[in-house]
Amino acid sequence: MPEPPVSVLLPVFNAAEFLPAAVASITAQSLTEIQIVIINDGSTDASADILRNCARQDSRIELHQRPNRGLVATLNEGIGLCHGEFIARMDADDISLPLRLEKQLNHMRAHPRTVALGTAIEYLGPDGLTAVRTFPLQQSAAVKHELQRRNCISHPTVMIRKTALQTVGGYRPQYPHAEDYDLWLRLRPLGDIENLPDVHLQYRIHGNQISAKHLWLQALSVAAARLNITLNQLPAVAAEESILDTVTGWAALLIKTGQIDAACDLIADENLFYVPTLRRQASARRHWLDARLRWATHRPVSAAAATVMGFLRDPALAVELIVRLLK
């Protein structure tokens, strides 16, 4: 019997709360000929029991349970266990919509130059589905150009040709929390990297994803991956610019998805905004984030005041952002 064309790779670590829905969203896909590789990376919660029950109910699930080795090691191990021509990533707290794998497989078969294919996403907050959706760039030329500046492929949405993954050597451990961005940068010379325009994944935003240590490390890894250098080779200004972009982006997303308390905590954390050579920019961005918070909590007058404070703190940055928006 031939191997299924698509292998779904799902790493799990302490995801018991959301795991049943995540696995169910894969087993209910319209594309039924799939291999589902799940690696329990040493979870200490109820994930192991949940996964054993899921595997008993669906013979397509290949469950591997072992001590904790970390995400990158788990992903690389999983690549070796996947038999499909295409590998679809999935996280243990997200939900894939029913047509996701079918749509991605059809597109990649019709476009043999495509090595990686993401999709648009919608966000899940603590109270369920939010009204926030992200529609990424679609065409490969635009995606590759944007990758020079930021990550524009959502990792848990992606389907990748296994041969391309093997060619670049899989994921690398030297860019923690940005191993996906590093992978896209290394895949660029091999072919097209695209996004489907439709939403095919619900991406969950919750407190366990966000910590000061996580954000700093992610920011430094993004900047280093972009320059293809190690973290200890990273110039101070590049590091600080990435820190500001990363923290600002997460805070804005928390505000958009209605997680006001978490956003307040993030913005109030002086350590996250400690960028000695970019003090004015950091101060301006905090004022603008504060303005968005106040607007979101129906305080338009104080929101306007905070916006003005941001403009006064760094007029040059304000003009640059306005020009960027107008473009």
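Results, tabulated for the structure shown:
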read-out: Residues with amide H under 5 Å from that of ALA15, placed H, sequence gap 5 or more; value: SER47
read-out: Most mobile of ALA304, ALA178, ALA48 in a GNM of the chain (Cα contacts under 10 Å); value: ALA304
read-out: Fluctuation leader among LEU165, LEU227, LEU75 - the chain, Gaussian network, Cα springs under 10 angstrom; value: LEU227
read-out: Shape call, the chain: gyration tensor on alpha carbons, a/c limit 1.5; value: prolate
read-out: Most mobile of GLN259, GLN233, GLN202 in a GNM of the chain (Cα contacts under 10 Å); value: GLN233
read-out: Karplus (6.51, -1.76, 1.60) ³J(HN,Hα), θ = phi - 60°, over the stretch 110-121, in Hz, Gly and Pro reported as x; value: 7, 10, x, 7, 6, 9, 8, 9, x, 9, 5, 9
read-out: Using θ = phi - 60° and Karplus 6.51 cos²θ - 1.76 cosθ + 1.60, couplings along the stretch 55-63 (whole Hz; Gly, Pro as x); value: 5, 5, 8, 9, 6, 6, 7, 10, 9
read-out: Dipole of the chain, positive end: most advanced residue of LEU234, GLY169, LEU215 [Cβ charges, Cα centre]; value: LEU234
read-out: Fraction of alpha-carbon pairs over 22 Å apart in the stretch 210-326 - percent; value: 35 percent
read-out: Rounded to whole Hz, the Karplus (6.51, -1.76, 1.60) HN-Hα couplings of the stretch 235-251, x for glycine and proline; value: x, 4, 5, 4, 5, 5, 4, 5, 4, 4, 4, 5, 5, 4, x, 5, 4
read-out: R0 of 22 Å, Cβ-Cβ distance ARG69-ASP45: FRET efficiency to nearest 0.05; value: 0.80
read-out: Placed amide H near LEU201: partners under 5 Å, 5+ positions off or other chain; value: LEU97, GLU122
read-out: Net dipole in debye of the chain [+1 Lys, Arg Cβ; -1 Asp, Glu Cβ; about Cα centre; nearest 20]; value: 860 debye
read-out: Expected 222 nm ellipticity per residue - DSSP helices of 4 or more, -39500 (n - 2.57), all of the chain, to 500; value: -15000 deg cm²/dmol
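Rule-based calculations on the coordinates, nothing more; no lab input. Bear in mind that the values here come from a model prediction, so they are computed numbers and not experimental data. Here Cβ is always computed from backbone atoms with ideal geometry, including for glycine, and neighbour counts include all displayed protein chains.
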